[in-house]
Every structure is written in C-alpha cells, then in structure tokens.
Amino acid sequence: MTPAERAERVAELVDAALERGPHEWTAYLEEACRDDPPLMAEVKSLLGYQDKAAHFIEAPAYQTNPELLLLTDEPNELRPGEFLRGYKILSLLGEGGMGEVYLAEDAELGRKVAIKLVKRGFGRENLLRQFRQEERILGALNHPNIARLYGGAVSSEGTPYFLMEYVEGDPLASYCELHQSTLIERLQLFRKICSAVSYAHQHLVIHRDLKPGNIRVTPEGEPKLLDFGIAKLLDESSELPDQTVTLAGVMTPEYASPEQVRGERMTTASDVYSLGVVLYQLLTGEKPYRLTSRRPDEIARAITEHAPVRPSAVLSENPNSKVQIRKSIRGDLDNIVMLAMRKEPERRYASVAQFSEDIRRHLDGLPVIARKDTWGYRSSKFVRRNRLAVGAAALILLTLVGGIIATSRQARIARLERAKAERRFNDVRKLANSYLFELHDAIENLPGSTSARALLVKRALEYLQSLTVDMQDDPSLQREVIMAYLKVGNVQGNPRNANLGDSAGALQSYEKARAIAENLAAVSADPLLRRPLALIYEKMADVKAERKQVDEAVQDARKSLTIFRELAAVNPTDTAAQLSVAISQLKVGDILGNPNFVNAGDQSGAMESYQVTRAILENLHTADASNSRVRRFLGMIHERLGTMSELRNDSAGALAEYQKSAEMRVPLAAEYPNDSTVLRDAAIAYEKIGNALAGQGDLEAALENRSKSLAIFRSLLQADPKNVEAQESLAISHIHLADLLGGPEPPNLDRTAQALENYREAVLILEGIASGTSAIQDELAEARGKIARLAGR
Amino acid sequence: MKGNPRPQSSAADVTQILKQWSTGDEKASVELMPLVYEELRRLARDYLRRERADHTLQPTALVHEAYLRMVDVKAVTWQGRAHFYGIAARLMRRILVDHARAHNAKKRGGLEQKLSLDEAHGISSGGSTDLVALDGALQSFAKSYPRKSEVVELKFFGGLDATEIAEVLQVSQKTVLRDWRFAKLWLCRELSATG
C-alpha cells in the first residue's frame, strides 16, 4: 500500500467501525486487519478519541473564539499630533471595547487629559443627551481616588467622546505585581478603593463596571477609579432592551454581578459584588470563575450559578504561593470575599462601607461580620420561614426565583449538567407552587392583601409558563399552570372571593386555562385531567353571571356539571366525586333562578336542579351520616329550597325547609366552634327561621330565633374583632332584631326602648367602619333614620 | 478623524469575477481574494459587536453574509457560489489564525498590560480552541487527507453546513459527515498528543 492508500484504508476502517457498536469493534477489526497489527493499532487509537472528539470544534471558530474577530488591525481614528477640538493628541493609551483611549493635551490649559472615543455600541446618538442629564452629578464627584470626568462632546465626524482626568500609573494588578505589594498593602489599597466607591454611592452614582482595569495606581501609590458613571451612560443611551444592553456594556463580563448578567436592576450591591471580585484577584491573582470558553451563555451561567473557589484554595493549588499568605487568607478573608460575592444582592454586605470596615476589623485583629456561607442555602427555606410576609418580602422572593429561573434556563440552553438543570427546574417549580398555594393561601384572608396576592399569583404563573416552554408534554406541570391561571382569574375578578374587580381580565385568564385544559384532556385518556376543566367552567360561570352575561353563565355552569357527572360516573363509589356533582348542580340552580343571585329567571329550572341536588346529598348522607361536608351542603340546599318556597309565597313550606337547614347547621356549629363558616351558616339559618316565623305572625318565636342568630354573630366578631364583614353582620343583626322588637313599622312587639338600644348598637358599630362600602353607609343611614322616626313619635 | 468607508467592492465586480471563474478562468480567484478578505474582516467586526450586544450566538455564517453582500445572487450559478464559499472559508481561517497568532505574541510580549485601560479584551487564555495549534494540525492532516481537511476548513472556519459543503466539494452529504467525523478524531488525537 502507498501511504495515501494506507491513509484511505484507515479512514475506511474507522468509518466501518463507527457504523457498528463499540462492543463489536475488536471482533470486526481483528477480522479486517488480520495480517496488519499496526493498521489495527492506528484505527483503534483513533476510535479511542470518540468521546473526546464529540464536542470538539463543533461550533465554528468565530463563535468559540469571538475575541479574535476584534483583533482586527483597524486603523486608529486619531494620530499623534492631530487635534480633536482644542486637544492635541499625544499618544494612544489603549484600545477598549468601545473605542480607543488617547492621551491628549489641553492646548489652552496645558493640562493632560484622557480622551475616550465611543466608536462602537448602540445608541451612541443618545449618549450625549444622556450625558448632559448626568453631567452635574458626575462632574460633582470630587474625590482623591476618583478620576475626574471633565466633559463629553461629539467630534466633527459624529463620534462621541469623553474627556477625563489623565491618570499616570499602572493598572491595579500590575502595580501590585511590580511593587511586590504585601497582603497588608493590598488590603489598604483596596480600602482606599472602597472609600472612593462609597463616596460615589453617597452621591447616588453606581459605578457598574468596576474591574482591575478600571483602577489605576499612581506612582505615589494612590488608587484612582476610572470611568465612574460611564457604564450607566452607555447602558441608558442604548435603545436595546435592558438585558441585552447589560452584557453588551460589560466588555469583561467576569466582573459583572449575577443581577447584571440577568439584566436586572443594578444597585450599590452590584458594586459590592464587583469589588469582591477585585479583592479576589488582589488576593489570588486569578479570576474567580474558571471559564472554559468565552461564550456569553457560559460566562453568564458561571456567574449566576457557580460558587467561586475560595481564595485560599486557589492559592493552595499554586505551588508558588507562600504558605504564610495562604494561611492569612484562609478564614476571615475567604469569608469576606465570599460574602461580598454572594449571588443574591440582599445577602451581601449592606454597603461598600461595611465591606471596607470588615477588612479593617480583620487588619486590626477584630472579629469580622463575614461567616462561612453554606451554599446549601435554599430559597425554599426562606419561603417557609416567611410564609406570612407580604409585600416587601414577597418581592424579594420573586427576585430570588427569577434568578433561579434565569440560571436554570442558561443551564438548559447549554445542554450541560442536565441533572443539575433539572434539579433547579424542580426548585423553581416547587417555589412557584409555594407562591401559589402556601403564600397565596396564607395571606388570602389578610385585609388589603388582594394586590399582593395578585402579584404573587401572576409571578408564579410566569415562572410556571417559562418552565412549560421546554416541558410541553408534562401533564402535571400543565395542570399546575392551569391552576395558576385559575387563581390569577380568581384574584382578578371572581366575585366569590376578594378580587381586583377586573372581571374581563379574569375571563381572559380562565380562557387561557381552558385552552390548556382542553388540550390536556384531548391528549390524555385520564379522566382526572378533565377535572380542571370542570373547575374552570364553574369559575367562568361565576364571573359571567357577575357581568350579567347570564345565558352564557348558565351554559358554562352546565358544562361544568356535565364534566363532574362524567367524573363521578367513572367511580360511582367515590363520595367526593358525587359531592362535586351535587355542588355543581346546586350552582346551576342558583344561576337559573335563585333571587339572591344574578339569575336567568328560570325558577322551575332552579327548583328542578335543587331537587336533584337534594336527592344526591340525601343519598350520601344515608350512606355516611358523619360526613360533615355532606351535612354542610344539606344545610345549604334546604336553605335554597326555603328561599324558593318563599318566592312561591309558601311560608309554611319555607319554614319547614329552614328548620331542616338548621337541623344540619346547628349541630355542626356545636361540633366545630372554631370554624367561622359553619358558625355563620348556623346564624343565617336562625335568621331565616326568624324571618319565616315573623311572616306567619309568630313574633315571639321569631324574636327567639333572631336573638340566637345575633348571639352567634356577636361571638364571631369576638373571635375576629377587626373583621369588617363580621362587624357589618352583627350590626345588621341588631337592626333586624330591633325591627322586630319595636321598629317604626309593624308588625312588631312594641318594645321601643329595646329597639332603640339595638339600633344604637348598630349605629355604633357601623360608624366604626363607615369608611367602608356604600352598603355599610346605607345601613348606617337606615339605622339612624329609624332612630329618628322612633324619637319623632 | 478619518472615516471608515465601505470597501468599494461592488456586487457587479464580484459577480463578474465569479462568472469568469465558473467558465474556467482560474486567475479570477486571485482577484477575488483581497475583496472578500476586506469584506469578511468588516463583517467580523460587525459580527462581534452584534454578538456582544444581543449575546445570542447566531448561527449565521459570516461567509453567507459576505456572499449576500458582495454578490448579485441571481446572476451567479451554483458553481460560482461554491467557489465563493470555498475562498471565503479559507480567508476566514487566515483571519482567525492570524489574529490568534498576533494575540499570542502580544501576550508573550507583555503588551497586554500596557493596553489595559479597558483591560484589553479580557481574553482568557484557557479553554477555547487553540487556533494556532489547530491550524498546524490541520496542515499535517491535509497531507494525508486533503478533502477531509477542506471539510474542516469549510465547517469550522467557514461555518458552512453539510449541504453547502457537499456542494462546494462536489461530494455527497454523507461523505461530508463521514469526513467530518474522521477529521475530528484525527485532529483531536493530534492536539492531545502535542498539547
């Protein structure tokens, strides 16, 4: 064989082997290379690189090594001797991501300045306008360790540039290197840097781009910070969406904080982070993340996700590092750096001053604030601890979850560390659910929590949605999204709970839930997946009725009922499924013709529906008389039936139904004295009986029942004294009792004094909550009016 | 300040050259090279700016972009396009490897520190493919496997996909994929041995 033929043969054999599984290689090659062991060795050697080669050079070179594209020998804009406005160019100082930086001389003042051209970057046109806005603030930064910003202008060719104090000296890292600075010197230098940043923070300027290259040290050993405020100008003048800008602005992303990488708002805590990175490098001479590529997504992942190696550990790996230094870094300094560099802004040092102070304490041999962090810190614990926190705490949580999401996405985009990504994915999901079910439910009954709930639920939904993008075929996740939409809808505008009054928005949310639920139900034979659909139709009916779209509401209520029936038919012995049918049937009745609700005016339809409900409930009750839910709904259906009897002017029938209702409700109230719903049900039952008795003229018996009702309302208020609804209920109860005792209109018992007492009681309560709804104001006016009429006799 | 005018390589010129080439005029490639080289360098700068700005790694091959910008697409046959892609990929290789070499030299000379008002470009030394070494390995590889090495050039440096490479090299896509698979093993071994 010629060498060329041999090479060809090697390639053929490798191909052929790769068409087979690895376990067949040996046998195949032994056969194919029977009389040529070197050939076999060559082929086997190449095949040995299969794993290693899998990701090798897969992406084009300009993607894996994009920095090489920047190293073009583009001619410089300005040459020594040329003039830019009144400045004579002396030399090129350097070339940065945005353009060149020149040393120039102010021809008039004879002072040296640095001129920074902004040749690249988006929104250059807006830069100057932005600069004019910030000029006063930036120009006012007057600190010995901050390089002055003299001004900004545009060249005759339209290139914006900044004029800055020229700082003679070396970049921080090389200065320390050249001067062989000791650890203590480095820390003292660093504290001066901190004082400059802290000064700027007091003047409301965040640097946003702190890195060793932006810090120079003069021959006198004074550090000077360059480019204060420039990063912000560059960011804000850009018209790109925030997130994209941030990474664009950061030419050396290793120093960017996690929140910056995520495109979130940057605060002084972001500078704390970047200073942490600067200190890290001062101590170790290395960057905190060992990046394997310059791909932005990988850098972002490292910053948002990976814990940096502790500085002392970096030094132990380096054979040249002095044991002495390593020892002095281990412990306090490790902890200080790690505290500054925590992923969560709110868990870092509260300020640069505090950061610097901790270093001073270390230098003075005092105990420091920073403690070793446990990276096992879980945000879910945070949720658990703060379950009841509303508002601010909730917002912090939202930020936290946002972070986890961002990182889990990054991880998944990179298709690396799949298991880890999935773990994070589950964390997010757990957290989103914790929002939805734990936090939301915990604050649900807090007065004024409606908008906080809305925010929680909305965010949780966003998180779940972001997860569904990659998990289209995960029914349980889809179910969570459906439930999230349902809750969003409820908070937006379901009249059955505290809501924001946005019924149109509520319907939209329900509609989205419905679309997903329909799909889910279509692809899966599992009947349980149809349950969410039934719940959605039920909620839609609530809201549509509220919006007076009664016919549609009836349709939706019926659709809901149909599904619940199907579900019950699958498992006829399932009490819960049967009970769901009963409740759904009851709701259909309400909406068809119950005068206490928005209804379609179909009273016979309502009656029919209620009869069916009662039959189901009675069957369930016969099967298991102890089921308290069944008893509760039996109490409710008899109340409904009583209402319908009243409507037909059948007062005897109404009384009988209300008494049956009380038979269910009163014992329940005795069994569950702490359940306000059950107690309220009992109070209403007595009230209704009282009404019916009064209608029949039995005023004494009516009075007895109304008194019982009032007693329960009073105990409910005692249990929850700030509850506005409980106060209102008690006041109404006083009014009703007073009407019966001796109101201005007959029939009554003529006990005017007692009547007045009760009206006054009502007025007293209502005045305390009079800033509430118009209904409360109406009731207050009614009680006052009746008092006036009685007094006027 | 001097402006930075667009290279005056009108689409008509390039299209004309490609036509000549397709009819067998080999000299055409010599004329084409400097034009494409300039355009690619310009695109490279734009590409990097874009990449930094929106930080999505677009799969756009610079070579495609150059083609669309420089050539009157309707007037050129597939052979013309294949010629263009071939040349452009080779030039991309040259640009990137030259830059990598210059970058390494700068680092050795310690120039980087002086440059760093903005800390130069923050280039990390580890990790990303050492293009200079790869270029060397690819040259050795080409001695035994000329066509396979072209596949690498077109794919890794040019960013072309298998279909396009098949067109440029006049082989089947399957052959391209096999060549690529083999070349990766070979180069990976070569670089492991020297690195």
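The values are calculated or read from the model by the stated rules, or taken from the named source; none is laboratory data. Keep in mind it's a predicted model, so treat the numbers as computed, not measured. Positions of Cβ are backbone-derived with ideal geometry, glycine not excepted, and every protein chain shown enters the neighbour counts.
Assorted remarks:
- All of A:Asp675, A:Asp590, A:Asp650 fail the test of being in contact (Cβ under 8 Å) with a residue 40 or more places away in the chain and not β-branched (Val, Ile, Thr), apart from A:Asp590.
- Residues in segment A:713-725 that are touching a residue at least 24 places away in the same chain (Cβ under 8 Å) and either among the aliphatic types (A, V, I, L, M) or part of a helix (DSSP H, G or I) (or both): A:Phe713, A:Ser715, A:Leu716, A:Ala719, A:Val724.
- Residues in segment A:633-654 that are polar (S, T, N, Q) and either modelled with pLDDT of 90 or more or within 46 Å of the chain's Cα centre (by Cα) (or both): A:Thr643, A:Ser645.
- Filter result for A:Arg565 (surrounded by fewer than 19 Cβ atoms within 10 Å (Cβ to Cβ) and outside any helix (DSSP H, G or I)): no
- Looking across A:Glu745, A:Glu687, A:Glu704, A:Glu728, one residue alone is assigned to a helix (DSSP H, G or I), farther than 24 Å from A:Pro667 by Cβ and either more than 43 Å from the chain's Cα centre (by Cα) or not basic (Lys, Arg) (or both). It is A:Glu728.
- Filter result (closer than 18 Å to A:Tyr349 by Cα and in contact (Cβ under 8 Å) with a residue 12 or more places away in the chain) within segment A:192-204: A:Lys192, A:Ile193, A:Cys194, A:Ser195, A:Ala196, A:Val197, A:Ser198, A:Tyr199, A:Ala200, A:His201, A:Leu204
- Matching residues, segment A:594-610, being in a helix (DSSP H, G or I) and either crowded, with 24+ Cβ neighbours inside 10 Å or among the aliphatic types (A, V, I, L, M) (or both): A:Ala606, A:Met607, A:Ser609, A:Tyr610
Residue-by-condition table, conditions (1) surrounded by fewer than 19 Cβ atoms within 10 Å (Cβ to Cβ); (2) charged (D, E, K, R):
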residue	(1), (2)
A:Met664	no, no
A:Ala669	no, no
A:Asp681	no, yes
A:Glu687	no, yes
A:Ala701	yes, no
A:Ser709	no, no
A:Phe713	no, no
A:His736	no, no
A:Leu749	yes, no
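- Flag for A:Glu236 being more than 13 Å from chain B (Cβ to nearest Cβ) and modelled with pLDDT of 70 or more: no
- Restricting attention to segment A:68-103, the residues that are part of a strand (DSSP E or B), within 13 Å of another protein chain (Cβ to nearest Cβ) and at pLDDT 70 or above total 11.
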